[in-house]
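A short worksheet on the structure shown next.
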Amino acid sequence: MNSKTGTLTAAVRSRAELQQQVRAWRQAGETIGFVPTMGALHGGHLSLVKTAATRATKVVASIFVNPTQFAPGEDFDTYPRDESADRAKLDSVGCDLVYLPAVEEMYPDGTRTNVRVEQMSDLLDGIYRPHFFYGVATVVARLFLHVQPDVAVFGEKDYQQLQIIRRMVRDLGFPIEILGGRTTRDPDGLAQSSRNLYLTSEERRAAGALQAALHRASVRLSLGAKPAEVLSEARDLIMASGFREMNYVSLVDPDTLEDLPDAPLPDGTVARLLGAAWLGKTRLIDNISVTR
Ligand code: PAF
């Protein structure tokens, strides 16, 4: 039951129905907040919905497992899908409308037109998942055109994605404010993520090491340690905790995502530390702000 209205959150599957509702709301003077998701919702998503509700009078969430952001061999087919559980969770935080488009609704005439945020999409995660951010930018641009929100909220947990969407919105002039939502964490620091469902209980016990290592590195960097040795220690700590393969731990400019030089951060610098590593069959990512 929707905590705000006492009724079930309405759901629509077509762009036409969605736009009819959004138009009616606009005529009534409402503003629209939007939270795009791929479902398998957890506390992090629900906190994004709550953030959207602080900045708009109506909140639309979408659930769409976007095929264009998965490479062959990735987990598109097995990605967790549970529409009724997701809808119950959205009800519980007062989401006003759920958009559940099918692939044909999002890509009615195939996937020939794509959005590429050059350079930023090829760094960090883009090195390991070269297709990924092109698929994300493309689907988010399409979702923005379907929903036409005033404000959209993306989790800081996917920091590179958040910055790429900000850049896309700026470059293409979407009249949408982009907000970053704080990462929701389990008590051991593990960032909540739909893919945490893949972890075995032994892996789950080790998973908090990623955030612990980034946190320790962030403290050392903020005290003026040299990045190369701090990042190397963080990688070693993560691997010593049972992770199987390191992708990266990198210290970057928080806007451009480009690597920072190997020198103590000058006073007043704000940087971002990001990490990605495989724990068994699950690839975990996380990040933390660093302020000198
Ligand atoms: O972060 C996600 O869940 C997805 O990348 C998004 C933004 C919904 C696009 O498919």
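Each reported figure results from applying straightforward, stated rules to the coordinates on display, with no laboratory input. Nothing here was measured: the structure is a model prediction, and the numbers come from that model. Glycine gets a Cβ as well: all are built from the backbone with ideal geometry, and neighbour counts include every protein chain shown.
Go through the residues of segment 214-233 one by one and say whether even a single one is β-branched (Val, Ile, Thr), outside any loop (DSSP other than H, G, I, E, B), in contact with a strand residue (DSSP E or B) (Cβ under 7 Å, 6 or more places away or on another chain) and over 13 Å from Ile288 (Cα atoms). Scanning segment 214-233, I find no residue that is β-branched (Val, Ile, Thr), outside any loop (DSSP other than H, G, I, E, B), in contact with a strand residue (DSSP E or B) (Cβ under 7 Å, 6 or more places away or on another chain) and over 13 Å from Ile288 (Cα atoms), so the answer is no.
Of everything in segment 186-213, what is out of contact with any strand residue (DSSP E or B) (no Cβ under 8 Å at 6 or more places or on another chain) and acidic (Asp, Glu)? Give them in sequence order. Passing the criteria: Asp186, Asp188, Glu202.
The residue that is farthest from the chain's Cα centre (by Cα), among those in segment 26-40 that are crowded, with 18+ Cβ neighbours inside 10 Å and more than 10 Å from the ligand (Cβ to nearest atom), is Ile32.
Close contacts from segment 180-200, counting a first residue that is closer than 13 Å to Asp158 by Cα and a second that is part of a loop (DSSP other than H, G, I, E, B) and of a type in the set (D, E, K, R), with Cβ to Cβ under 7 Å and a gap of 6+ residues or different chains, come to Gln192/Asp186. Pairs linking a residue in segment 205-222 that is within 14 Å of Asp186 (Cβ to Cβ) to a residue that is part of a helix (DSSP H, G or I), with Cβ atoms under 9 Å and 6 or more positions apart or on different chains, are Ala207/Asn196; Ala209/Leu237; Ala209/Ile238; Ala209/Ala240; Leu210/Ile238; Ala212/Leu237; Ala212/Ile238.
Applying the set (1) touching a helix residue (DSSP H, G or I) at 6+ places or on another chain (Cβ under 8 Å); (2) outside any loop (DSSP other than H, G, I, E, B); (3) farther than 21 Å from Glu177 by Cβ; (4) not charged (D, E, K, R) to Ala16 leaves exactly one unmet item: (1).
Of the candidates Val22, Val65, the single residue that is within 14 Å of the ligand (Cβ to nearest atom) and either surrounded by fewer than 18 Cβ atoms within 10 Å (Cβ to Cβ) or more than 21 Å from Tyr159 (Cβ to Cβ) (or both) is Val65. Here Gly44 meets the list (1) closer than 14 Å to Val153 by Cβ; (2) free of Cβ contacts under 8 Å to residues at least 40 places away in the same chain; (3) within 13 Å of the ligand (Cβ to nearest atom) almost entirely, failing just condition (2).
Residue count for segment 68-88 under the criterion of being closer than 18 Å to Phe154 by Cβ and more than 14 Å from the ligand (Cβ to nearest atom): the result is 0. A Cβ distance below 9 Å, combined with a sequence gap of six or more or placement on separate chains, defines the contacts here; from segment 134-160, residues that are touching a residue at least 12 places away in the same chain (Cβ under 8 Å) reach residues that are near the ligand (Cβ under 10 Å from one of its atoms) and among the charged types (D, E, K, R) in the pairs Val136/Asp158.
Condition first: in a strand (DSSP E or B) and either in contact with a strand residue (DSSP E or B) (Cβ under 9 Å, 6 or more places away or on another chain) or exposed (fewer than 13 other Cβ atoms within 10 Å of the Cβ) (or both). Can you find one or more residues in segment 237-244 that meet it? If you could, list the steps in order and put the result at the bottom.
To start, the set of residues in segment 237-244 that are in a strand (DSSP E or B) comprises none.
Within segment 237-244, not a single residue is in a strand (DSSP E or B) and either in contact with a strand residue (DSSP E or B) (Cβ under 9 Å, 6 or more places away or on another chain) or exposed (fewer than 13 other Cβ atoms within 10 Å of the Cβ) (or both).
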